[in-house]
Amino acid sequence: MFAFLCLCVFPGAMALAGSMDLITMTIPNRISIFLVAAFVVMAPLAGLTPLQLGAHAATGAAMLAIGIFMFAQGWIGGGDAKIFATAALWFGFDHLGQFALMSAVAGGILTISLLLFRTLPLPSIATSQAWLVKLHHPRTGVPYGIAMAAAALIVYPSTPWFLSAIG
């Protein structure tokens, strides 16, 4: 059962966060809260020592502080700051660099793709989809949660969570 949870909880919640950001341009707080609660329950079951738990918590807290600063500057959304910090909690310092780099790369690809998408006329069949019309609008921001979700799903298979689940 624990292996199943390792394979489903974090990847599923990150995929949901990215999907919600795409459709609504927000990442609901309940996703981040769920992931923090799941980490608190699953980390001891995974055998993380108190020192490792502290290191993961410190990594998440540091990324939340940086995210709050970036949000205050208007550089990212609040949901982006929270979901990045939550993923950092799960990844810990060992995988944080890889996650941050993959988030930046995926974010660059997403941003360029959106800029190109926004230069093209929206097909009439798509105009009935409010989320797509909003995404197409040139003044709409970039739903960066998509990039972070993609990065998390790329990095997760190299983590102890995933590796312990597949045996």
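Any read-out appearing in this document is the output of simple, stated calculations on the displayed coordinates, not a laboratory observation. These figures come from a predicted structure and were not determined experimentally. Methodologically, a virtual Cβ is constructed for each residue, glycine included, from the backbone with ideal geometry; neighbour enumeration extends over all protein chains shown.
Key figures
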item: Of Ala43, Ala130, Ala147, the one that fluctuates the most in a GNM where the chain has Cα springs shorter than 10 Å; result: Ala130
item: Residue order, fewest to most surrounding Cβ atoms within 10 angstrom, among Ile27, Ile166, Ile68; result: Ile166, Ile68, Ile27
item: Burial order of peptide ranges 83-89, 3-9 (average beta-carbon count within 10 Å, highest first); result: 83-89, 3-9
item: Order of Phe69, Phe34, Phe39 under a 10 Å beta carbon neighbour criterion, fewest first; result: Phe69, Phe34, Phe39
item: Most fluctuating residue given options Val36, Val142, Val133, as computed from a GNM of the chain linking Cα atoms under 10 Å; result: Val133
item: Residues Arg30, Arg139, Arg118, sorted so that the one with the fewest Cβ neighbours within 10 Å comes first; result: Arg139, Arg30, Arg118
item: Phi-based couplings in Hz for region 130-139 (Karplus 6.51, -1.76, 1.60; Gly and Pro marked x); result: 4, 5, 6, 4, 5, 4, 6, 5, x, 8
item: Most mobile of Met148, Met25, Met42 in a GNM of the chain (Cα contacts under 10 Å); result: Met42
item: The chain: DSSP helices with Cα axial extent of at least 27 Å and average Kyte-Doolittle hydropathy no lower than 0.5; result: 2-24, 50-72, 78-119
item: Lys, Arg +1 and Asp, Glu -1 on Cβ, resulting dipole of the chain about Cα centre, debye, nearest 20; result: 340
